[in-house]
Amino acid sequence: MSLGSPVPRWKPLQRARPPRRLRGWLAQRGSFTAALRRHCRGTVRAQVIRHRRTQPGPQERRLLGLRTGEGVLLRETLLRCGTQAPWVYAQTLIPLKHLHSGLRSLLRRGERPIGDLLFRPGHQLRRGVITVARLEHCILPHTTARPELWARRSVLRQNGHRLLITEVLLPDLPQPRQPAWKGR
Ligand SMILES: C=C(O[C@@H]1C=C(C(=O)O)C=C[C@H]1O)C(=O)O
């Protein structure tokens, strides 16, 4: 999936005007996987659609505090509830220099979303500022439709390591039950 061109214009959530029905999802500060699970009667699964080393763009490099030439692991997944149509497209960038064995094994966990492991109690994970963007020319897999799509992006920090997570809310994502607009 492509986030489209031109590059999305990311704004802090408080300064953007996403549709009301999406605000609760966009403001979620805890595990997104856990939030999805609260709406899913089956199992939340992460289908890995890409897993490869790459060079980050200038914005991503800055957010991850990387120098030119420092590579990242790109993981792209579709998060879905059971066998339903995907609810979220997620893109995770992990600096290769932070790819310690713990993280490596975490990424080999089949269809289990990484949020479950990142947000384990006692892991002292901190989410930075959440920025959001309306994707103007996003191309969804398997369809030519161009719905209005919103995405959010944030940096997760743990013991000096950083991950950049982008989540695109897909049209089949249900309405959140509890508005989390103010976040935690
Ligand atoms: C970071 C989280 O993990 C989610 C799961 C992902 C995956 O398995 O690829 C990617 C991003 C998130 O939507 C979370 O739950 O907040």
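Brief remarks on what is shown
- Built amide H within the under 5 Å cut-off of ILE130, gap 5+: LEU13
- Couplings for the range 56-72, taken from phi via the Karplus curve 6.51 cos²θ - 1.76 cosθ + 1.60 with θ = phi - 60°, read x, x, x, 4, 5, 4, 5, 4, 8, x, 9, 8, 3, x, 7, x, 10 Hz in order; Gly and Pro are left as x.
- Extension gain, HIS123 back to THR83 (0.36 nm per residue minus Cα-Cα distance, nm): 11.3 nm
- Sum of -39500 (n - 2.57) over DSSP H runs of 4+, divided by residues of the chain (222 nm, nearest 500): -4000 deg cm²/dmol
- Additional length obtainable on full extension of the chain from GLU111 to ARG41, 0.36 nm per residue less Cα span: 23.5 nm
- Overall form of the range 1-116 per C-alpha gyration tensor (a/c, 1.5; a/b vs b/c): oblate
- Close amide-amide hydrogen proximity is noted between VAL88 and LEU79, LEU170, each under 5 Å apart and 5 or more residues distant or on a separate chain (H modeled in the peptide plane; Pro and chain starts excluded).
- Karplus 3J(HN,Hα) series, Hz, for the range 38-51 with 6.51 cos²θ - 1.76 cosθ + 1.60 (x for Gly, Pro): 5, 10, 10, 7, x, 9, 7, 10, 10, 8, 6, 9, 7, 8
- The range 11-169 - percent relative contact order, Cα under 8 Å, separation 6 or more: 25
- Rounded to whole Hz, the Karplus (6.51, -1.76, 1.60) HN-Hα couplings of the range 127-133, x for glycine and proline: 9, x, 4, 8, 10, 10, 8
- About its Cα centre, the chain has a charge dipole of approximately 580 debye under the convention of +1 per Lys or Arg Cβ and -1 per Asp or Glu Cβ, with nothing else charged.
- Taking 0.36 nm per residue of sequence separation and removing the Cα-Cα distance, the HIS100/ARG9 pair yields an extension gain of 29.6 nm.
Read the figures in this text as sums done on the coordinates, not as results from a lab. Treat the numbers as computed from the prediction; the structure is a model and nothing was measured. In this analysis, Cβ positions are derived from the backbone assuming ideal geometry, glycine residues included, and neighbour counts consider all displayed protein chains.
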